[in-house]
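Quick notes on the structure that follows.
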Amino acid sequence: MTKTCCAPYRKGRGRCALEYTVGDRVVYPLHGAGIIEAVEQREVLGREEQYYVVRLVVGDMRALIPVSRVDAAGIRPVADRARIDQALHAARDAGEMHAGYGERFRANTAKLRAGDIEAVAEVVGSLSLRQRQRGLSAGEARLFEQAWKILLSEVALSARIPPERADALLRDVVG
């Protein structure tokens, strides 16, 4: 595969969609972290396009991401150890949001969509605290599970540890 640049990486971080190669560790917001297993040419709706095949760490799923839509999808490299440490501190220090359910849900969903590791960690920390103190509604419980999975997968890939160890680490951090 040629490594010609098709578009600047999201938010000016200097990466281009075609710079990802097989073996790269990436985060797919709302789905979690995974490893690019292949780059395949596929025809979808009569149009030929290249796709990254990403094996997600948690859930044993594979995602097909069009190379041309990587920036729009928010794909980014897995955070380094320093960013993971910052995120874990954010999770531990997160306070409870005192807004109403709808406002809390929208704010937390927006943080997950943004794909920033610290924002995801804040959602995990805040919802974990709320769960211990008051319990979660069904919607917030699903959101908490999704945020947990996303954070767990990125911690596991960044630290190069099995998901089970990453889960134990997160439980130690947020209680």
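Readers should treat all values here as calculations from the given coordinates under stated rules, not as data from a laboratory. From a predicted model like this one, the values you see are computed outputs, not experimental measurements. Virtual Cβ from ideal backbone geometry, glycine too; neighbours counted across all protein chains shown.
For segment 49-66, just list the computed ³J(HN,Hα) in residue order, Karplus coefficients 6.51, -1.76 and 1.60, θ = phi - 60°, integers in Hz, with x standing in for Gly and Pro.
Result, ordered by residue: 7, 8, 10, 7, 9, 10, 8, 6, 5, 9, x, 6, 10, 10, 10, 9, 10, x Hz.
Once every Cα of segment 81-174 carries one equal point scatterer and solvent is ignored, give the base-10 log of I(q)/I(0) from the Debye formula at q = 0.16 Å⁻¹, two decimals.
Debye intensities relative to I(0), on a log10 scale: -0.58.
Taking amide H positions as placed in the peptide plane 1.01 Å from N, state which residues far from ARG76 in sequence (5 or more) or on other chains have amide H under 5 Å from it.
When sequence neighbours closer than 5 places are left aside, the close amide H contacts are VAL27.
What is the spread of the Cα atoms of the chain along each of their three principal axes, largest first, in whole Å?
Here the spans come out as 52, 33, 30 Å, largest first.
According to the square roots a ≥ b ≥ c of the eigenvalues of the Cα gyration tensor, what is the shape class of segment 118-168, taking rounded for a/c under 1.5, prolate for a/b larger than b/c otherwise, and oblate for the remainder?
Prolate shape, in that a/c is at least 1.5 and a/b is the bigger ratio.
Say a paramagnetic label sat at a point 7 Å from the Cα of ASP60, along Cα to Cβ; which residues of segment 138-175 have their backbone N under 16 Å from it?
Correct set: 163-164.
I need the Debye-formula profile for segment 10-77: one equal scatterer per C-alpha, no solvent, reported as log10 I(q)/I(0) at q = 0.14 1/Å, two decimals.
At q = 0.14 Å⁻¹ the computed log10 ratios are -0.38.
Would you be so kind as to identify which of TYR52, ILE75, ILE65 lies farthest towards the positive end of the dipole of the chain, taking Lys and Arg as +1 and Asp and Glu as -1 on Cβ and the Cα centre as origin?
Farthest towards the positive end: ILE75.
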